[in-house]
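Worksheet: the structure to be examined is printed underneath.
The values are calculated or read from the model by the stated rules, or taken from the named source; none is laboratory data. Note that this is a predicted model, so its numbers are computed, not measured. Here the Cβ positions follow ideal geometry from the backbone for every residue, glycine too, while neighbour counts run over all protein chains shown.
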Amino acid sequence: LFADVALAPRDPILGLNEQFNADTRPGKVNLGVGVYYDENGKLPLLKCVREAEAAMAAAPKPRGYLPIDGIAAYDKAVQKLVFGSELKHVATVQALGGTGALKIGADFLKQLNPASKVLISDPSWENHRALFTQAGFTVETYPYYDAASKGINFDAMLAALNAAPAGTVVVLHACCHNPTGYDITAAQWAQVVAAVKAKGLTPFLDMAYQGFGFGLKEDGEAVRQFMAAGVGFFVSTSFSKSFSLYGERCGALSVVCSSDEEAVRVLSQLKIMIRTNYSNPPTHGAQVVAQVLSDDKLRALWEEELAGMRVRIKAMRSALVAALKAAGVTQDLSFVTEQLGMFSYSGLSAAQMQRLRNEFGVYGVDSGRICVAALNEGNLPTVAAAMAAVIKG
Ligand code: PLP
Ligand code: TYF
């Protein structure tokens, strides 16, 4: 039965984790996977989460099945966070992290528009291509990163969108682009929204890092612009990073429709995708998030803790640049502090990234991506010395 089953390649990022865990060198540093670690190198358990869990433990509830679309208060809280208010013409469902939200959306889109292609940024999060391919789509890319200028080739991006056939699904990183850390400006978003609208494309905004760029509200710029344009679009939300709830699989898919009645029909189809896949979502993580988002005190605490993560990452970017300069690196590194979110495209080659790993125990992705959210005062000297060594050759 399984004689002809091929051995699948490892996920390039999660595979690095396995390699890191098997490394016995004491000074090793993991800047591979996109996970936020605190100043002590520990995965944080947020205070707001602890408080919500304490309240939940004090009033334990039986664990019946949730509705197919999840906890209603959670879906409403997601809408308020993403769109600024609860909206009847938006269909929102609880999902298994941002990945689960993307998959529900992909399955629904495949049914709706089986012949359309999917465009993702070049480069993008590795799983975008895999996930939309698995859902049956042909996945191609639009230009994004420009290695020469260490920024975005916006003209080429816009030209690709303008050349795409109507119905093409365009996956856009709402903020804090993974893997590059480069986001387009508000004025550029306006041009993207205009092109998408004029060409009849289907935008799918992936929002896995709301709050890690400039702030919760500020990072909603793309969503606001698409709303204002009156086009239908998809938004996947992930709370994995912003609540440090990776293993709870907290996310949501929102589909913006043109009327309340349309949203009811869309929701009914999303529920089929969910029902035939895992029936209904789990309770705990979404209950925590709903509790935090709907309680003024816990909500304020969360915003403070999220801001703390954002500010610490920015401080680590500056510290990395300063340490590299101190170690004798002369090239302009200002791009590191301009990038947003948890990642930095360092500009290092695959060969340099392999040297970092093999000679110095510093793990990043071969693309040159490092997770700056995993830097701290303790590991920074090791990382800077290793990077300086491979940059200087
Ligand atoms: N989309 C992007 C761009 C991501 O970086 C991630 C990271 O994990 C996800 C989606 C998936 O989020 P989750 O871990 O909640 O499934
Ligand atoms: O890009 C990252 O590192 C995160 C975590 O298949 C991740 O988004 C990486 C790969 C993957 C799932 C999550």
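Go through ASP366, ASP332 for me and flag whichever is within 16 Å of ligand 2 (Cβ to nearest atom) and surrounded by fewer than 21 Cβ atoms within 10 Å (Cβ to Cβ). If you could, list the steps in order and put the result at the bottom.
Numbers: ASP332 fails: within 16 Å of ligand 2 (Cβ to nearest atom).
On inspection, the qualifying residue turns out to be ASP366.
Residue check, ARG265 against (1) in contact (Cβ under 8 Å) with a residue 12 or more places away in the chain; (2) more than 14 Å from ligand 2 (Cβ to nearest atom), all met but one. Which one?
(1)
Among the candidates SER258, SER238, which residue alone is polar (S, T, N, Q), assigned by TED's automatic domain parsing to the domain that holds ASP107, in contact (Cβ under 8 Å) with a residue 60 or more places away in the chain and crowded, with 23+ Cβ neighbours inside 10 Å?
Numbers: SER258 fails: crowded, with 23+ Cβ neighbours inside 10 Å.
Just a single option satisfies the conditions, and that option is SER238.
Of all the helices (runs of 4 or more DSSP H) wholly in the range 1-119, which have at least 2 residues that are within 23 Å of VAL171 (Cβ to Cβ)? Walk me through it before giving the result.
On the way: elements: 12-22, 47-58, 72-83, 97-112.
Output list reads 12-22, 72-83, 97-112.
If the requirement is being more than 16 Å from ligand 1 (Cβ to nearest atom), of a type in the set (A, V, I, L, M) and either under 23 Å from the mean Cα position of the chain (by Cα) or outside the structural domain of LEU340 (by TED's automatic domain parsing) (or both), which of these qualifies: LEU7, LEU31, LEU43, LEU14? Break it down into steps so the answer makes sense when it comes.
Values: LEU31 fails: more than 16 Å from ligand 1 (Cβ to nearest atom); LEU43 fails: more than 16 Å from ligand 1 (Cβ to nearest atom); LEU14 fails: more than 16 Å from ligand 1 (Cβ to nearest atom).
Only one candidate qualifies: LEU7.
Checking GLN352 against (1) at positive phi; (2) not in a loop (DSSP other than H, G, I, E, B), which test does it fail?
Result: GLN352 fails condition (1) only.
In the range 91-131, how many are within 16 Å of ligand 1 (Cβ to nearest atom) and under 18 Å from ASP75 (Cα atoms)?
14
Within the group ALA350, ALA386, ALA373, which residue is farther than 15 Å from LYS28 by Cβ, more than 16 Å from ligand 1 (Cβ to nearest atom) and either of a type in the set (Gly, Ala, Ser) or in the same structural domain as LYS150 (by TED's automatic domain parsing) (or both)? Outline the logic, then answer.
Details: ALA386 fails: farther than 15 Å from LYS28 by Cβ; ALA373 fails: more than 16 Å from ligand 1 (Cβ to nearest atom).
Criteria check complete, one pass: ALA350.
Let's see how each residue does on (1) closer than 26 Å to SER244 by Cβ; (2) surrounded by fewer than 22 Cβ atoms within 10 Å (Cβ to Cβ); (3) not hydrophobic (A, V, I, L, M, F, W, C):
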position	(1), (2), (3)
THR99	yes, yes, yes
ILE120	no, no, no
GLN134	no, yes, yes
SER149	no, yes, yes
ASP155	no, yes, yes
ASN162	no, yes, yes
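Here is a yes/no grid of residues against (1) under 23 Å from SER334 (Cα atoms); (2) more than 15 Å from ligand 2 (Cβ to nearest atom); (3) of a type in the set (A, V, I, L, M, F, W, C):
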position	(1), (2), (3)
VAL118	no, yes, yes
ARG129	no, no, no
PHE132	no, no, yes
VAL139	no, yes, yes
LYS150	yes, yes, no
ASN153	yes, yes, no
MET157	no, yes, yes
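Hey, can you tell me all the residues within the range 18-54 that are within 22 Å of ARG312 (Cβ to Cβ), exposed (fewer than 14 other Cβ atoms within 10 Å of the Cβ) and within 16 Å of ligand 2 (Cβ to nearest atom)?
Once the filter is applied, which keeps residues that are within 22 Å of ARG312 (Cβ to Cβ), exposed (fewer than 14 other Cβ atoms within 10 Å of the Cβ) and within 16 Å of ligand 2 (Cβ to nearest atom), the range 18-54 yields only LEU43.
Within the range 86-116, track down each residue that is of a type outside the set (Gly, Ala, Ser), within 16 Å of ligand 2 (Cβ to nearest atom) and touching an Asp or Glu at 6+ places or on another chain (Cβ under 9 Å). Break it down into steps so the answer makes sense when it comes.
The initial filter retains those residues of the range 86-116 that are of a type outside the set (Gly, Ala, Ser), namely 86-90, 92-94, 96, 99, 102-104, 107-114.
The next check asks that each one be within 16 Å of ligand 2 (Cβ to nearest atom); those that pass are 96, 99, 102-103.
Within the range 86-116, LEU102 is the sole residue that qualifies.
Quick one: which of PHE132, PHE108 is over 16 Å from the mean Cα position of the chain (by Cα) and among the aromatic types (Phe, Trp, Tyr)? First the steps, then the outcome.
On the way: PHE132 fails: over 16 Å from the mean Cα position of the chain (by Cα).
After ruling out the rest, the residue left standing is PHE108.
VAL383 fails exactly one of the following numbered conditions: (1) modelled with pLDDT of 95 or more; (2) in a loop (DSSP other than H, G, I, E, B). What is the number of that condition?
VAL383 satisfies all of (1) modelled with pLDDT of 95 or more; (2) in a loop (DSSP other than H, G, I, E, B) except (2).
Rundown of residues vs (1) touching a residue at least 24 places away in the same chain (Cβ under 8 Å); (2) away from ligand 1 (no atom under 16 Å from the Cβ); (3) within 26 Å of TYR74 (Cα to Cα); (4) in contact with a Leu (Cβ under 8 Å, 6 or more places away or on another chain), yes/no style:
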| position | (1), (2), (3), (4) |
| --- | --- |
| THR133 | no, no, no, no |
| TYR142 | yes, no, no, yes |
| ASP146 | no, yes, no, no |
| VAL170 | yes, no, no, yes |
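Do we find that TYR182 is hydroxyl-bearing (Ser, Thr, Tyr), surrounded by 14 or more Cβ atoms within 10 Å (Cβ to Cβ), within 16 Å of ligand 2 (Cβ to nearest atom) and under 19 Å from SER367 (Cβ atoms) in this structure? Show your work before the answer.
Values: hydroxyl-bearing (Ser, Thr, Tyr): yes; surrounded by 14 or more Cβ atoms within 10 Å (Cβ to Cβ): yes; within 16 Å of ligand 2 (Cβ to nearest atom): yes; under 19 Å from SER367 (Cβ atoms): yes.
When the stated conditions are applied, TYR182 passes them.
Every residue, every condition in (1) in a helix (DSSP H, G or I); (2) β-branched (Val, Ile, Thr); (3) over 26 Å from LEU216 (Cβ atoms), yes or no:
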residue: VAL288; (1), (2), (3): yes, yes, no
residue: LYS297; (1), (2), (3): yes, no, no
residue: ALA300; (1), (2), (3): yes, no, no
residue: GLU303; (1), (2), (3): yes, no, no
residue: ALA315; (1), (2), (3): yes, no, no
residue: LEU348; (1), (2), (3): no, no, yes
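Could you list all residues from the range 226-241 that are more than 16 Å from ligand 2 (Cβ to nearest atom) and part of a loop (DSSP other than H, G, I, E, B)? Spell out how you get there, then give the answer.
Going residue by residue through the range 226-241, those that are more than 16 Å from ligand 2 (Cβ to nearest atom) are 226-235.
Hits for the range 226-241 are GLY230, VAL231, GLY232.
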